[in-house]
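K.L.:
Please find one structure pasted underneath; my questions will follow.
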């Protein structure tokens, strides 16, 4: 169960990071509310997962999922350029996260 919650929390990290960028310094209500809700839920899930998983592993997986989700969304929506090199580098993050899960 901890891994499922951690994965969802990682996705929520990507949500709050994206919303933070779109909030324009917390001047836009919708993205600001999305940021706050996703941030709280993401942190609660990370804290829950850390009750069963080692802190280093849980944090690295959480950050990895959030980073991949954030950059993946940005590339998919055209906010950041997509290139073969960037996609391969993101793939290396995914490989690291999977490696942490497999070796746990």
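Throughout, read-outs are computed from the coordinates displayed, never taken from laboratory work. Not measured: the values here are computed from a predicted model. Cβ placement follows ideal geometry from the backbone for every residue including glycine, while neighbour counts extend to all protein chains displayed.
K.L.:
Out of the residues in segment 30-58 that are within 21 Å of residue 73 (Cα to Cα) and more than 14 Å from the chain's Cα centre (by Cα), which is surrounded by the fewest Cβ atoms within 10 Å (Cβ to Cβ)?
P.N.:
So the residue we want is 30.
K.L.:
May I ask you to say which residue of 90, 61, 98, 71 is surrounded by 11 or more Cβ atoms within 10 Å (Cβ to Cβ), under 15 Å from the mean Cα position of the chain (by Cα) and closer than 16 Å to residue 46 by Cβ?
P.N.:
61
K.L.:
Tell me which of these residue 84 doesn't satisfy, since it passes every other one: (1) more than 13 Å from the chain's Cα centre (by Cα); (2) under 16 Å from residue 14 (Cβ atoms).
P.N.:
Every condition holds for residue 84 apart from (2).
K.L.:
While we're looking at this one, here's another question. Among residues belonging to segment 10-29 that are within 21 Å of residue 80 (Cα to Cα) and out of contact with any helix residue (DSSP H, G or I) (no Cβ under 7 Å at 6 or more places or on another chain), point out the one that is surrounded by the fewest Cβ atoms within 10 Å (Cβ to Cβ).
P.N.:
The extreme case among them is 25.
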